[in-house]
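What follows is a short report on a single structure.
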Amino acid sequence: MSSLTRTRCFAVIASVFVLSRALLWTLGIRFDADPLTFYWQFVDPALLQHDYWRSLFYLEQQPPAFNAFLGAILHLLPAHPERGFLLVYFALGLVLSLALFALMDRMRVDRRVSLALALLFALSPSTILYENLLFYEYPLTTLLCLAALFLHRYASAGRLRDGAIFFSVLALISGIRSVYHLAWFAAILAFVLLAKRDRIRQTLRAAAIPTLLLLAFYAKHAILFHNLVPGSEIYKAISLSTLEPPPGALDRLIDSGQISPILKTDIFDLARDFETVSADDGLARISPPPAPTGIPVRDNCVKSTDEINWNCVWLADLAAVYEKDSMVVLRRYPMSYVRAVEGNVGRYFLPDTDGWPFDGRREYRNAEILARPLAASQFLARGSYVAFPVLFTFGLIAILRRRKNPDAGTITLAFLLGSIAYLTAVVLLLTYGDQNRIRTEISPYFTVLLGLFLTRVLVQPSDPVR
């Protein structure tokens, strides 16, 4: 046990990670950059190449950070951008593996358990699949793990550098996904201020620049688009439009004039073929196309790749009609929302690769290559119905035991549980699907809880949480 130093553990994790990725490459695993052309969260690649800064500035339905990254790679490696994406995601995977071990080790998880769990996480089929898909789930997973690590470092030693990195990582997360909005950032800042009352001035200094940058972005967004959360209109419309009232209910509401016929058009069918659906179903009569703004990312409802541009003004106007009519349905048939939440709960506990890759593609080479280990991991992951509540409860009990004298481990554990509770509530109550995919962002947090649990059960320390 004495020979199992942190340095040796880092060396083992790094070596296994690099060798495993080399082996996976020989087996045929390749980075999937195809989502660049059709994922609706992404700006038209032609605009990222030729109208980069203006498209980012007027991006309404997404925070700009991930699209800024996409455009940067397209500019740096215009002929082979997939190579740049591959290198970045490889680096993210290595950082995630090392950061996860470092976090568990700091949280006083038994070092043998920390090493084993970090290796299992790095080698799991889920990690491999997400690492090789161009989407923001894997970067967010890495950043959330780093946030917890640097929070522990800051809570332990109070160094300004660690605090600044922690809040900068949080700000970057806010810049990637709108779920982690300004109120989320503010709540964490308030939590750290309360938890470390002896370092209030130091905490404010550490958070100053990230907070000002976020405030500037949200102020700009509110001035330009008259809403506070990027994508709130579209996402709310999507979530509400998927409610299922009793058979015939929509027709009765339409016939009575309480709602327009727009809910008869599935919003995802609209996205798949915007021009055809709008012509066939008379969407122009429900919400006339607005006058051009002269800004391609807001005017062009179809990308150069023939996919829908969710940032166009007309689609936002149509989303407002979807939302308005869906609210009428919700008030008349509130049980439709209850049934939707019940479905969300079931999907939340599915393996995070169930339905992979969540975009309708039926054949997927990476998943086919990993078919056997993927099937085994999905079988084990179905125990999450029991494991996740047990681990969360275990962590909560650990916090309650130390609430009168919280230390760095207790503060970090509270951050982990709060993050799990927040994201779980959002995906269960406010999203329309893919709950298991979104849950993967906090998978390192469940891994830390598992490490603490195994340490308590197998090693029996007096208190595994520091």
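The values are calculated or read from the model by the stated rules, or taken from the named source; none is laboratory data. Because the structure is a prediction, the values reported are computed rather than measured. Note: ideal-geometry Cβ built from the backbone for every residue, glycine included; neighbour counts use all protein chains shown. To get the accessible areas, we keep the full protein, side chains included, count just its heavy atoms, and leave off ligands, DNA and RNA. Shrake-Rupley method; radii C 1.70, N 1.55, O 1.52, S 1.80 Å.
Starting from residues that are farther than 15 Å from SER178 by Cα and hydrophobic (A, V, I, L, M, F, W, C), keep the ones in the stretch 39-55 and report whichever is surrounded by the most Cβ atoms within 10 Å (Cβ to Cβ). Explain how you work it out, then say what you get.
Of the residues in the stretch 39-55, the ones farther than 15 Å from SER178 by Cα are 39, 43-55.
Narrowing the set further to residues that are hydrophobic (A, V, I, L, M, F, W, C) leaves 43, 46-48, 53.
Working: VAL43: 28, ALA46: 15, LEU47: 23, LEU48: 24, TRP53: 9.
Among them, the one singled out is VAL43.
So for the stretch 201-215 (the condition being surrounded by fewer than 19 Cβ atoms within 10 Å (Cβ to Cβ), in contact (Cβ under 8 Å) with a residue 24 or more places away in the chain and assigned to a loop (DSSP other than H, G, I, E, B)), does at least one residue qualify? Steps first, please.
Just the residues of the stretch 201-215 that are surrounded by fewer than 19 Cβ atoms within 10 Å (Cβ to Cβ), to begin with: 201-202, 204-205, 208-209, 211-213, 215.
From the residues that got through so far, the ones that are in contact (Cβ under 8 Å) with a residue 24 or more places away in the chain too are 202, 205, 209, 211, 213, 215.
Still in the list and also assigned to a loop (DSSP other than H, G, I, E, B): none.
Within the stretch 201-215, not a single residue is surrounded by fewer than 19 Cβ atoms within 10 Å (Cβ to Cβ), in contact (Cβ under 8 Å) with a residue 24 or more places away in the chain and assigned to a loop (DSSP other than H, G, I, E, B).
Quick one: which of SER156, SER178 is surrounded by fewer than 22 Cβ atoms within 10 Å (Cβ to Cβ), touching a residue at least 60 places away in the same chain (Cβ under 8 Å) and not in a loop (DSSP other than H, G, I, E, B)? Spell out how you get there, then give the answer.
Details: SER178 fails: not in a loop (DSSP other than H, G, I, E, B).
The match here is SER156.
Taking into account only those residues within the stretch 431-466 that are among the aliphatic types (A, V, I, L, M) and within 14 Å of the chain's Cα centre (by Cα), which is modelled with the highest pLDDT?
Restricting attention to the stretch 431-466, the residues satisfying the condition of being among the aliphatic types (A, V, I, L, M) are 438, 442, 448-450, 452, 454, 457-459, 465.
If we keep only those that are within 14 Å of the chain's Cα centre (by Cα) too, we end up with 438, 442.
Working: ILE438: 95, ILE442: 98.
The extreme case among them is ILE442.
Conditions tested, residue by residue: (1) among the charged types (D, E, K, R); (2) more than 28 Å from LEU70 (Cβ to Cβ).
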| position | (1), (2) |
| --- | --- |
| LEU149 | no, no |
| ARG161 | yes, yes |
| ILE188 | no, no |
| GLN202 | no, yes |
| ALA208 | no, yes |
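Can you name every residue in the stretch 216-229 that is open to solvent by less than 50 Å² (accessible area, probe 1.4 Å) and touching a helix residue (DSSP H, G or I) at 6+ places or on another chain (Cβ under 6 Å)?
Within the stretch 216-229, TYR218 is the sole residue that qualifies.
Kindly list, by first and then second residue, each pair from a residue in the stretch 352-374 that is closer than 16 Å to ARG30 by Cα to a residue that is open to solvent by 50 Å² or more (accessible area, probe 1.4 Å) and outside any loop (DSSP other than H, G, I, E, B), limited to pairs with Cβ atoms under 6 Å and residues at least 6 apart or on different chains.
ILE369/LEU27
Being touching a residue at least 24 places away in the same chain (Cβ under 8 Å) and open to solvent by 40 Å² or more (accessible area, probe 1.4 Å), is that true of even one residue in the stretch 125-139?
For the stretch 125-139, residues touching a residue at least 24 places away in the same chain (Cβ under 8 Å) and open to solvent by 40 Å² or more (accessible area, probe 1.4 Å): absent.
Filtering the stretch 1-30 down to residues that are of a type in the set (Phe, Trp, Tyr) and under 15 Å from SER97 (Cβ atoms), which residue is least open to solvent (accessible area, probe 1.4 Å)? Break it down stepwise before answering.
So the first thing to find is which residues in the stretch 1-30 are of a type in the set (Phe, Trp, Tyr), and the list is 10, 17, 25.
Filter once more, keeping what is under 15 Å from SER97 (Cβ atoms): 10, 17.
Details: PHE10: 62, PHE17: 2 Å².
Ranking the candidates gives PHE17 first.
Among the residues of the stretch 1-29, which ones are assigned to a loop (DSSP other than H, G, I, E, B) and under 29 Å from the mean Cα position of the chain (by Cα)? Walk me through it before giving the result.
From the stretch 1-29, those assigned to a loop (DSSP other than H, G, I, E, B) are 1-5, 28-29; that's our starting set.
Those that are assigned to a loop (DSSP other than H, G, I, E, B) and under 29 Å from the mean Cα position of the chain (by Cα): GLY28, ILE29.
Sort out for me the helices (runs of 4 or more DSSP H) sitting completely within the stretch 217-319 that have 1 or more residues that are within 31 Å of the chain's Cα centre (by Cα) and modelled with pLDDT under 90. Even if it seems obvious, please write down each step before you answer.
On the way: elements: 232-241, 249-255, 267-272, 274-280, 283-286, 296-299.
Once the helices (runs of 4 or more DSSP H) in the stretch 217-319 are filtered for at least 1 residues that are within 31 Å of the chain's Cα centre (by Cα) and modelled with pLDDT under 90, what remains is 232-241, 267-272, 274-280.
Take the stretch 408-458 and flag every residue that is among the hydrophobic types (A, V, I, L, M, F, W, C), in a helix (DSSP H, G or I) and open to solvent by 40 Å² or more (accessible area, probe 1.4 Å). It would help to see each step written out before you state the result.
Of the residues in the stretch 408-458, the ones among the hydrophobic types (A, V, I, L, M, F, W, C) are 408, 411, 413-417, 420-421, 423, 425-430, 438, 442, 446, 448-450, 452-454, 457-458.
Right, trim to in a helix (DSSP H, G or I) and you get 408, 411, 413-417, 420-421, 423, 425-429, 438, 442, 446, 448-450, 452-454, 457-458.
Hits for the stretch 408-458 are ALA421, ALA425, LEU429, LEU450, PHE453, LEU454, VAL457, LEU458.
Being under 16 Å from VAL95 (Cβ atoms) and either over 22 Å from the mean Cα position of the chain (by Cα) or among the hydroxyl-bearing types (Ser, Thr, Tyr) (or both) is the filter here; which residues of the stretch 115-136 pass it?
LEU119, THR127, TYR130, TYR136, listed by residue number.
Results for (1) over 30 Å from ALA216 (Cα atoms); (2) modelled with pLDDT of 95 or more; (3) basic (Lys, Arg), shown as yes or no for each residue.
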position: LEU76; (1), (2), (3): no, yes, no
position: ALA79; (1), (2), (3): yes, no, no
position: LEU98; (1), (2), (3): yes, yes, no
position: ALA116; (1), (2), (3): yes, yes, no
position: LEU140; (1), (2), (3): no, yes, no
position: LEU143; (1), (2), (3): no, yes, no
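What are the residues in the stretch 336-356 that are part of a helix (DSSP H, G or I), open to solvent by less than 20 Å² (accessible area, probe 1.4 Å) and either in contact with a Gly (Cβ under 6 Å, 6 or more places away or on another chain) or farther than 14 Å from LEU240 by Cβ (or both), if any?
Start the filter on the stretch 336-356 by keeping residues that are part of a helix (DSSP H, G or I), which leaves 336-348.
Checking which are open to solvent by less than 20 Å² (accessible area, probe 1.4 Å) leaves us with 336, 344, 348.
The one that is part of a helix (DSSP H, G or I), open to solvent by less than 20 Å² (accessible area, probe 1.4 Å) and either in contact with a Gly (Cβ under 6 Å, 6 or more places away or on another chain) or farther than 14 Å from LEU240 by Cβ (or both): TYR348.
Which ones in the stretch 70-87 are open to solvent by 50 Å² or more (accessible area, probe 1.4 Å) and within 21 Å of the chain's Cα centre (by Cα)?
Let us first name the residues in the stretch 70-87 that are open to solvent by 50 Å² or more (accessible area, probe 1.4 Å), namely 75-80, 82-83, 86-87.
Matches in the stretch 70-87: LEU86, LEU87.
Could you give every pair whose Cβ atoms fall below 6 Å, whose first residue belongs to the stretch 382-408 and is among the basic types (Lys, Arg), and whose second residue is assigned to a helix (DSSP H, G or I) and buried (at least 17 other Cβ atoms within 10 Å of the Cβ), counting only separations of at least 6 or pairs across chains?
Going by the 6 Å Cβ cut-off, the qualifying pairs are ARG402/THR410.
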